[in-house]
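Structure first, commentary second.
The values are calculated or read from the model by the stated rules, or taken from the named source; none is laboratory data. What you are looking at is a predicted structure, and each value in this text was computed from that prediction instead of being measured. Quick reminder, even Gly has a Cβ in these numbers, built from the backbone with ideal geometry, and neighbours come from all protein chains shown.
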Amino acid sequence: MHPYQNPALTIRARVEDLLARMTTQEKIGQVNQRLYGWQCYEHTPAGFALTAAFKAHVEWGGGLGALYGLFRADPWSGRDYDSGVRAWASADLANAIQRYVIAHSRLGIPALLVEEAPHGHQALDATGYPTNLAKANAFDPTLVAQAAALQRRELRAKGVNLALVTTLDLMKDPRWGRSEETFGESPGVAAAHTRAVIAGFQGDLLADDWWDRPAAPDAGDYTGVVIKHLIGQGEALGGHNAGTVPIGAREFADVYDPLLAAVHDAAGVMAAYNDLDGVPCHANRDLLTARLRGRHGFAGLVMADGTALDRLTELYGDAPTAAARALHAGVDLSLWDAVYPRIAATDARVQAELDTAVGRVLAVKFALGLFDRPLVPSSTPADFEALAAAAAPVNRALAQESVTLVQNRGGLLPLTRGTAVAAIGPHVGFIDHWLGDYTGPQPARTRLLPEALRDYTGAVTTAVGSAIRTPAPDDRLIQAAVAAAATADVIVLTLGGSSARTADATFLANGALASGATDTDSGENVDVASLTLGGDQLRLLEVLHATGKPIVAVMVQGRPYDIRPVLRLADAVMLAWYPGQHGPQAVADLLFGAVEPTGRLPISYPRSVGQLPVYYYQRHAAKNADYCDESGAPLLPFGFGLNYSGAGVTALTAQWVGTHAEVVATVRNPSAEPATVPVIVFARPCGTTVLPQEKRLAGFTRVTVAAHATQQVTLRVPAATLAYTDEAMRPALPRRVTFETPCGDLEAAVDLAATVPTGR
């Protein structure tokens, strides 16, 4: 047995021993993720057969570094329930891949099987959770971590080693099609949920000194997570996907350094398509090496985004030069590009940096137990039915928490059980409109809104009323909607958008939508110039309003649309943010008061495109906040949300204790039932040497208060959370901080000791 095969040795020792035995071509093979996984197998009467292209690539690299998308199913891959891999067959295919790769690797090196799992595995029979923008409304990282742990169980049963999960992008411009993938606009919220996702998938498997420990005996029970995207995609000018990002060093330090710190324990991060002040992230050594690894101690691998390295050839002239620049920056593993196969390892520096990259890929393989337990047990349909059943309560709770009530005129909600309902709108009969991008074909177990409403009332009529994007050539859809509303006591009207990918679409080489999918208006590469609702949705709303029936508008959306007409014409308005497979059920539960709405906005909700940006932490400047023709303030502030109970924060106090502030919020519940309240506190600085951010998220939590009771909750705010970057580019504390609730109606101020270390 060679030392690298000894599980008792540290990961570092095993990496060093194995690396010393490898040829240059074997090393190049380990940093390449060239293949589209769904093209690596075929169905035969005898089972799965591995394709000639797959085998040729393994031979070329003397093994295989990683394989993306073996189980991916969607219109881009062309895999569906007729041609794809069922969940219970996944382990057998994963094992066939691993057996072939190990047998055809001179040193027996297994492959990393990598899959998309931003809010559920993009595969057949998968559990689909709310999108990140939906989850962020819950302000509940604990529940997000539970959902991530359930995803990990599903992925490990299939043989998946690495899950790609978006958490780092911020929604600074809602015209950007990938807004739905973000946890909103706040770096504090994104950082907290990043840590929650890592904990759910990995536990403490990759804590601080993991290179210098042996692989954990249960390492094979975990899925490594690759957090994306590093960094700043939401800053792109004009809301253009992968657009340029002209961001200054101070803004980067105040907004994005906390996010770099949050990925510390992740198995990997994925570099972003965009540049930072002209330097592509994939060629940015300051970002990937000096900051991420040097300043923040990240020890995992850096993965390229799909075909991103090919874009470097336009900048540097040829593939070998582009490969050298990416290696020097710190990119360890490619994705689909033609650049890393062209690594020219004749130069001593390139050879050394190739060794470094290979070492990181191998270290993750050792840490995840791949060398010691490369295969997974076979599964049955019953196994995955049990996994789905175990996930359902958490998924439903997360969907319920992810919906935010923003209007309830006259106390229309909750509805009385037995109320006759007309369920109208483009989302009513198509579950894919509720799910968001990066979603696989749906299993039969998903429920639509009319079915969910019938849990509370048998009298449900339905109609589509409008398409999402394309106006109808006649009024027949609207006329059918009016007819459906005729016998109803109340209209539940779904409005908004969709990220559904359909068979009529065409795709780019990285899977982003190129054209087609005519009812799709959000998702990757689906940017918009207007936030006005598409199709005949506004006309449908106007016609239904004219019936005199009370209307509950449910905005099923992946970005904020202009909802001013909706607030004017609808009696109640809920924002549902692509709430996942349990979204229709969660909406029905909330409408009839089976649960209380607890969602709070993770964004500053804009009035229109013309006033963008409106995110809350812009620099405080001596300017007129309003326009001549429109208010400059957001329509709804970050943290806004209504409930049925009337429970909320009624008092705020704060004091400085050593090296942190303690903010005490008093929460009162006047209702006859227990009530859960998200407590969100901002810090507004005073006394700085540069223009400060208008305010910063100081902290948040959730508290459940008994009926007719009052409870105090304490938020501990460390100095690092309050620190800003001064004129010398050093962390410093403001002289005074005023803590406040989201609408600014409660305040408490403290003076800070300037000598307190910030920890940044």
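From the list ALA463, ALA444, pick out the single residue that is free of Cβ contacts under 8 Å to residues at least 60 places away in the same chain, among the small types (Gly, Ala, Ser), crowded, with 21+ Cβ neighbours inside 10 Å and farther than 23 Å from ALA514 by Cα. Lay out the reasoning, then the answer.
On the way: ALA444 fails: crowded, with 21+ Cβ neighbours inside 10 Å.
Only one candidate passes the filter, namely ALA463.
What are the pairs with Cβ atoms under 7 angstrom where one residue, in segment 410-426, is over 13 Å from ALA488 (Cα atoms) and the other, located anywhere, is charged (D, E, K, R) and outside any strand (DSSP E or B)? Sequence gap at least six, or different chains.
GLY410/ASP571; LEU412/ASP571
Only one of these is surrounded by fewer than 24 Cβ atoms within 10 Å (Cβ to Cβ) and β-branched (Val, Ile, Thr): ILE227, ILE198, ILE247. Name it. Please lay out each step first, then the result.
Values: ILE227 fails: surrounded by fewer than 24 Cβ atoms within 10 Å (Cβ to Cβ); ILE198 fails: surrounded by fewer than 24 Cβ atoms within 10 Å (Cβ to Cβ).
None of the other options fit; the residue is ILE247.
Filter segment 59-96 down to residues that are crowded, with 17+ Cβ neighbours inside 10 Å and among the hydroxyl-bearing types (Ser, Thr, Tyr), then give me how many there are.
3
Across segment 623-648, what is the total count of residues that are outside any strand (DSSP E or B), surrounded by 19 or more Cβ atoms within 10 Å (Cβ to Cβ) and among the small types (Gly, Ala, Ser)?
4
Return yes or no: is TYR578 surrounded by 24 or more Cβ atoms within 10 Å (Cβ to Cβ), at pLDDT 95 or above and either under 26 Å from the mean Cα position of the chain (by Cα) or among the β-branched types (Val, Ile, Thr) (or both)?
Numbers: surrounded by 24 or more Cβ atoms within 10 Å (Cβ to Cβ): yes; at pLDDT 95 or above: yes; either under 26 Å from the mean Cα position of the chain (by Cα) or among the β-branched types (Val, Ile, Thr) (or both): yes.
Taking the combined requirement at face value, the residue satisfies it.
Restricting to segment 571-622, count the residues that are touching a residue at least 40 places away in the same chain (Cβ under 8 Å) and assigned to a loop (DSSP other than H, G, I, E, B). Talk me through it step by step, then tell me what you get.
In the first step, residues of segment 571-622 are kept if they are touching a residue at least 40 places away in the same chain (Cβ under 8 Å); the result is 571-609, 612-613, 615-621.
Adding the requirement that they be assigned to a loop (DSSP other than H, G, I, E, B) leaves 571, 576-582, 592-604, 606-608, 612-613, 615-618, 620-621.
The qualifying residues number 32.
Table: residues versus (1) part of a loop (DSSP other than H, G, I, E, B); (2) hydroxyl-bearing (Ser, Thr, Tyr); (3) more than 28 Å from ARG696 (Cα to Cα); (4) touching a strand residue (DSSP E or B) at 6+ places or on another chain (Cβ under 9 Å).
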position	(1), (2), (3), (4)
PHE201	no, no, yes, yes
ASP204	yes, no, yes, no
ASP208	yes, no, yes, no
ALA216	yes, no, yes, no
LYS228	no, no, no, yes
PRO246	yes, no, no, yes
ARG250	no, no, no, yes
ALA253	no, no, no, yes
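Right, ALA651: among the hydrophobic types (A, V, I, L, M, F, W, C), touching a residue at least 60 places away in the same chain (Cβ under 8 Å) and in a strand (DSSP E or B) or not?
Working: among the hydrophobic types (A, V, I, L, M, F, W, C): yes; touching a residue at least 60 places away in the same chain (Cβ under 8 Å): yes; in a strand (DSSP E or B): yes.
Criteria met by ALA651.
Within segment 38-75, how many residues turn out to be outside any loop (DSSP other than H, G, I, E, B) and either among the acidic types (Asp, Glu) or closer than 22 Å to ARG342 by Cβ (or both)? Don't jump to the end; show me each part of the working.
Within segment 38-75, the subset outside any loop (DSSP other than H, G, I, E, B) is 38-39, 41-44, 47-50, 52-61, 66-68.
Going one step further and asking which of them are either among the acidic types (Asp, Glu) or closer than 22 Å to ARG342 by Cβ (or both), we end up with 39, 42, 53-61, 66-68.
Residues flagged as outside any loop (DSSP other than H, G, I, E, B) and either among the acidic types (Asp, Glu) or closer than 22 Å to ARG342 by Cβ (or both) within segment 38-75 amount to 14.
What is the one condition in (1) touching a residue at least 12 places away in the same chain (Cβ under 8 Å); (2) surrounded by fewer than 20 Cβ atoms within 10 Å (Cβ to Cβ); (3) within 26 Å of ALA338 (Cα to Cα) that MET22 does not satisfy?
So MET22 meets the others, but not (2).
Which one of THR321, THR307 is more than 24 Å from GLY243 (Cβ to Cβ) and of a type in the set (Val, Ile, Thr)?
On the way: THR307 fails: more than 24 Å from GLY243 (Cβ to Cβ).
Within the list THR321, THR307, the selection yields THR321.
Return the pairs, sorted by first residue and then second, in which the second residue is assigned to a loop (DSSP other than H, G, I, E, B) and among the charged types (D, E, K, R), the first residue lies in segment 481-505 and is within 15 Å of VAL464 (Cα to Cα), the beta carbons are less than 8 Å apart, and the residues are 6+ apart or on different chains.
Correct list of pairs: ALA485/LYS549; ILE491/LYS549; GLY497/ASP521; GLY497/ARG559; SER498/ASP519; SER498/ASP521.
Out of all the residues in segment 181-190, is one or more assigned to a helix (DSSP H, G or I), over 30 Å from ASP562 (Cβ atoms) and either without any contact (Cβ under 8 Å) to a residue 60 or more places away in the chain or not hydrophobic (A, V, I, L, M, F, W, C) (or both)?
Within segment 181-190, the first condition is being assigned to a helix (DSSP H, G or I), and the residues that meet it are 181, 187-190.
From what is left, the residues that are over 30 Å from ASP562 (Cβ atoms) are none.
No, the conditions are met nowhere in segment 181-190.
For segment 705-716, give me each residue that is free of Cβ contacts under 8 Å to residues at least 60 places away in the same chain and either closer than 20 Å to GLU662 by Cα or within 26 Å of the chain's Cα centre (by Cα) (or both).
The initial filter retains those residues of segment 705-716 that are free of Cβ contacts under 8 Å to residues at least 60 places away in the same chain, namely 705-709, 711-716.
Residues satisfying the conditions are GLN711, GLN712, VAL713, THR714, LEU715, ARG716.
Within segment 273-282, take every residue that is part of a strand (DSSP E or B) and touching a residue at least 12 places away in the same chain (Cβ under 8 Å) and give me the one that is surrounded by the most Cβ atoms within 10 Å (Cβ to Cβ).
Residues of segment 273-282 that are part of a strand (DSSP E or B), as a first pass: 275-276, 279-280.
Now drop any that are not touching a residue at least 12 places away in the same chain (Cβ under 8 Å), which leaves 275-276, 280.
On the way: ASP275: 21, LEU276: 22, PRO280: 24.
Among those residues, the one meeting the criterion is PRO280.
I'm trying to understand the selection: among the residues of segment 490-537, which are modelled with pLDDT of 90 or more, over 22 Å from the mean Cα position of the chain (by Cα), aliphatic (A, V, I, L, M) and not in a strand (DSSP E or B)?
ALA529, LEU533 - these are the residues of segment 490-537 that are modelled with pLDDT of 90 or more, over 22 Å from the mean Cα position of the chain (by Cα), aliphatic (A, V, I, L, M) and not in a strand (DSSP E or B).
Out of the residues in segment 462-489 that are among the charged types (D, E, K, R) and in a loop (DSSP other than H, G, I, E, B), state the one that is nearest to ASP74 (Cα to Cα). Spell out the reasoning first.
Going residue by residue through segment 462-489, those that are among the charged types (D, E, K, R) are 469, 474-476, 489.
Still in the list and also in a loop (DSSP other than H, G, I, E, B): 469, 474-475, 489.
Values: ARG469: 21, ASP474: 32, ASP475: 33, ASP489: 39 Å.
Among those that are among the charged types (D, E, K, R) and in a loop (DSSP other than H, G, I, E, B), it is ARG469.
How many of the residues making up segment 257-272 are modelled with pLDDT of 95 or more and either in a loop (DSSP other than H, G, I, E, B) or of a type outside the set (A, V, I, L, M, F, W, C) (or both)?
7
Determine, yes or no, whether GLY440 is part of a loop (DSSP other than H, G, I, E, B) and on the phi > 0 side of the Ramachandran plot. If you could, list the steps in order and put the result at the bottom.
Working: part of a loop (DSSP other than H, G, I, E, B): yes; on the phi > 0 side of the Ramachandran plot: no.
No.
Just a yes or no: is a residue in segment 451-472 charged (D, E, K, R) and within 23 Å of ARG568 (Cβ to Cβ)?
Yes, there is a match, as at least one residue in segment 451-472 is charged (D, E, K, R) and within 23 Å of ARG568 (Cβ to Cβ).
I'd like the full set of residues that are in a loop (DSSP other than H, G, I, E, B), of a type outside the set (A, V, I, L, M, F, W, C) and out of contact with any helix residue (DSSP H, G or I) (no Cβ under 6 Å at 6 or more places or on another chain), limited to segment 333-371. Steps first, answer last, please.
So in segment 333-371, the residues in a loop (DSSP other than H, G, I, E, B) come out as 334-339, 343-347, 368-371.
Keeping just the survivors that are of a type outside the set (A, V, I, L, M, F, W, C) gives 334, 337, 346-347, 369.
Those that are in a loop (DSSP other than H, G, I, E, B), of a type outside the set (A, V, I, L, M, F, W, C) and out of contact with any helix residue (DSSP H, G or I) (no Cβ under 6 Å at 6 or more places or on another chain): THR346, ASP347.
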